[in-house]
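To start, the structure under review is shown below, and the notes come after it.
FYI, it's all coordinate maths here, none of it is from the lab. Model, not experiment: these values are computed from the prediction. Glycine gets a Cβ as well: all are built from the backbone with ideal geometry, and neighbour counts include every protein chain shown.
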Amino acid sequence: MHIDEEMKFFLEKIIAYANKTGIAHLTGNIYGGLAGFWDYGPVGVEIKNRIKEAWWNDFVKNREDIVGYEGAIITHPKVWEASGHVSSFNDPLVFCQGKCKKKHRLDHLIEDLLDLRTENLSIDQMWVIAKEKKLYCPECKGNLGEPVIFNLMFSTQVGSTEDTSSIAYLRPENAQLIFSGFKNVIDSTRVKMPFGIAQSGIVFRNEISPRNFLFRVREYELMEFEYFTNPDKVNECPQFDDLKGREINIHDKKDQKNEDKAEFKRLTVQEAWEKKIFKNKWQAYWLTVFFEWFINDLAITEEKLRLRQHMESELSHYALDTWDIEYRYSFGWKELLGCANRTQYDLQQQKEYSNVKMEFMEDTEEGMKKYIPYVVAEPSVGLGRILLTLIADGYEEEVVKGRKRIVLKIHPRFAPYDVAIFPLQKKDDINIIARKIYEKLKEERFVVYYDDSGSIGKRYRRQDEIGTPFCITVDFDTLNDNQITIRNRDSMEQKRIPISDLINELKDNREHYNRQ
Ligand code: GAP
């Protein structure tokens, strides 16, 4: 199969799988669907909530140096004028002039149809290439019109009047709410430099061509934080020393210019620092923390992750240096998480437009210092993109005893259910024990699925498909020996254990999970 067909086939399969298992489906699909907007079903919402909870626990609750924030979804238009989103949050749009009249993103057409990278190209350069190579509409093969700049923000009218003064925007990122609310945070808390402010919430982007399932959508949950330092201390990062020996997969600017280079090189964080690959220690630190979070906490395959530096022409208007953590999807290496060095740009802009002071007072060794804080790193990641990555990485098909088995090898921490309980029969005494185990597990805050009908084989397969790490069967022997059969999702190994060992067994696996 040609690579494009293979990619399309894999995506179609994953979309059908997600629909069938209650992970996600296109919103309003009973009416044909609304492109770029997805509903999460009973399984998807559980996985999503677990990812969100883990992110919040690991990066806000369990850290002394990061506080939470929640800005409004419909936001003051001045915030986006100040940030530069009104003038610069754009994509190049081309219209088909043939039969279908569809809109396309020019950079995507060049990447997909000509297999060229566009990060380095201006819109004019892209248009020159498109004309030279006689690029056409992929839907109907029609000619393409000249590109226009398209702003990605959704706007709305607030209140009853419909004039320009009532325009407000649905936030396209959470970050800007953190910047416009910065003064409130420093005045209402006792945060000490360096520190972060985090927000997780829904954002909206009117993407020209939403695609690749949950990868590029128009409404999604964004989890991000701004990490602020004193501008004179961007390299004072004591935590860097704890991570400097760790190896990471790096694809920097230099290697991208050289077409022959491998997909990434492996360096320790210290080696990368000595080679001046990173501009500040905090950014190196946060990228490594997330690289390891994806590998160790989310069990994503290490060889499919790399840190890729943005080329100059690719940088957002606010960024001095940006790195993405990319994953190798079936449709190529693409951004999973972005981490920009936003400098003092945003606070300075919000200060200028609002006339409100954004300075921070720090009690330093040289006395009180007043300055506009510097954003050394902004780790920012879409929740749906993480979910898509867990599926892309963990979805497996295998043939077991002549029958196809679909299994989602997802880390138990993110599985929709911790465990499923199957009484072998609906008979009273077996059911009573199974129910007791169910109640006990619930008390211990496990998420449990109870299934008492159908063949055991089919019950196993259903749980494998959605990633439940363990299934427990209560049978006639249980009535005599107080033991149950516990089956491991990945290895399919089954063993008998005493009911009293069950909780420790589940906890132990969650803590020391090793994907097989
Ligand atoms: N505040 C910085 C910011 O928003 P971004 O690179 O535009 O940066 C951050 O987006 C993250 O949001 C990306 O790394 C990706 O995980 C996710 N993301 C971006 N656009 C998306 C879209 N259209 N659909 C789904 N996720 C998206």
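Convex hull volume per residue, computed on the Cα atoms of segment 1-121, equals 241 Å³. Taken over the alpha carbons of segment 384-427 as equal point scatterers, the Debye sum produces base-10 log I(q)/I(0) values at 0.26, 0.33, 0.34 Å⁻¹ of -0.95, -1.08, -1.10.
Place a +1 charge on the Cβ of each Lys and Arg in segment 407-516 and a -1 charge on the Cβ of each Asp and Glu, then give the dipole magnitude about the Cα centre in debye, rounded to the nearest 20. Provide the component values of the computation, followed by the final result.
Details: 20 positive and 19 negative charges, 77 e Å.
Charge dipole of segment 407-516: 360 debye, to the nearest 20.
Taking segment 442-456 and a reference point 7 angstrom along Cα→Cβ of LYS427, the backbone N atoms nearer than 19 Å belong to 451-456.
Residues in segment 462-501, backbone N under 15 Å from the label point at LYS401 (7 Å along the Cα-to-beta-carbon vector): list them, ranges by number please. Under 15 Å, as judged by backbone N against the label point of LYS401, lie 462, 487-488, 492-495 of segment 462-501.
Taking a ≥ b ≥ c as the square roots of the eigenvalues of the Cα gyration tensor of segment 122-249, is the shape rounded (a/c under 1.5), prolate (a/b larger than b/c) or oblate? Taking the square roots of the gyration eigenvalues as a ≥ b ≥ c, segment 122-249 is oblate. Each of LYS442 and VAL185 was given a label point 7 Å from its Cα along the Cα-to-Cβ line. The distance between the two points is 3.9 nm.
Provide the gained length on full extension for the span TYR136 to LYS495, in nm with one decimal, where the gain is 0.36 nm per separating residue minus the Cα-Cα distance. Walk me through the numbers on the way to the answer.
Working: separation 359, 0.36 × 359 = 129.24 nm, distance 5.94 nm.
Fully extending the segment from TYR136 to LYS495 adds 123.3 nm.
Model label points for GLN516 and ASN296, set 7 angstrom from Cα along the Cα-to-Cβ axis, are 2.4 nm apart.
The calculated pair-distance distribution of segment 223-328 uses every alpha carbon pair, bins of 5 angstrom beginning at 0, and gives 2, 11, 22, 25, 22, 13, 4, 1 percent.
For the chain, what log10 I(q)/I(0) values come out of the Debye formula at q = 0.07, 0.09, 0.13 1/Å, with one point per alpha carbon and no solvent? Reported log10 I(q)/I(0), two decimals: -0.46, -0.75, -1.37.
Placing a pseudo-label 7 Å from each Cα along the Cα-to-Cβ vector at GLU271 and SER122 gives an inter-label distance of 3.9 nm. Summary of the geometry: segment 355-421 and segment 43-107, compared by the centres of their Cα atoms, lie 14 Å apart.
Report, in listed order, any pair from LYS281/LYS507; LYS78/LYS276; LYS279/LYS357; LYS404/LYS426; LYS257/LYS351 with a Cα-Cα distance greater than 31 Å.
Numbers: LYS281/LYS507 36 Å; LYS78/LYS276 38 Å; LYS279/LYS357 28 Å; LYS404/LYS426 28 Å; LYS257/LYS351 38 Å.
Beyond 31 Å: LYS281/LYS507; LYS78/LYS276; LYS257/LYS351.
Grab the beta carbon distance between LYS192 and GLU146, set R0 = 60 Å, and tell me the FRET efficiency rounded to 0.05. Can you show the working numbers first?
On the way: r = 53 Å, r/R0 = 0.88.
Once the sixth-power term is evaluated, E becomes 0.70.
Extent of segment 124-190 along its three principal axes (Cα atoms, max minus min coordinate, largest first): 59, 37, 21 Å. Isolated cysteines of the chain, defined as having no other cysteine beta carbon under 4.7 Å away, are CYS237, CYS339, CYS471. Counted residue by residue at 0.36 nm each, then reduced by the alpha carbon distance between them, the extension gain from SER166 to LYS279 reaches 36.5 nm. Evaluated over segment 136-248, the count of Lys pairs having alpha-carbon atoms less than 28 Å apart is 5 (only pairs 8 or more residues apart or interchain).
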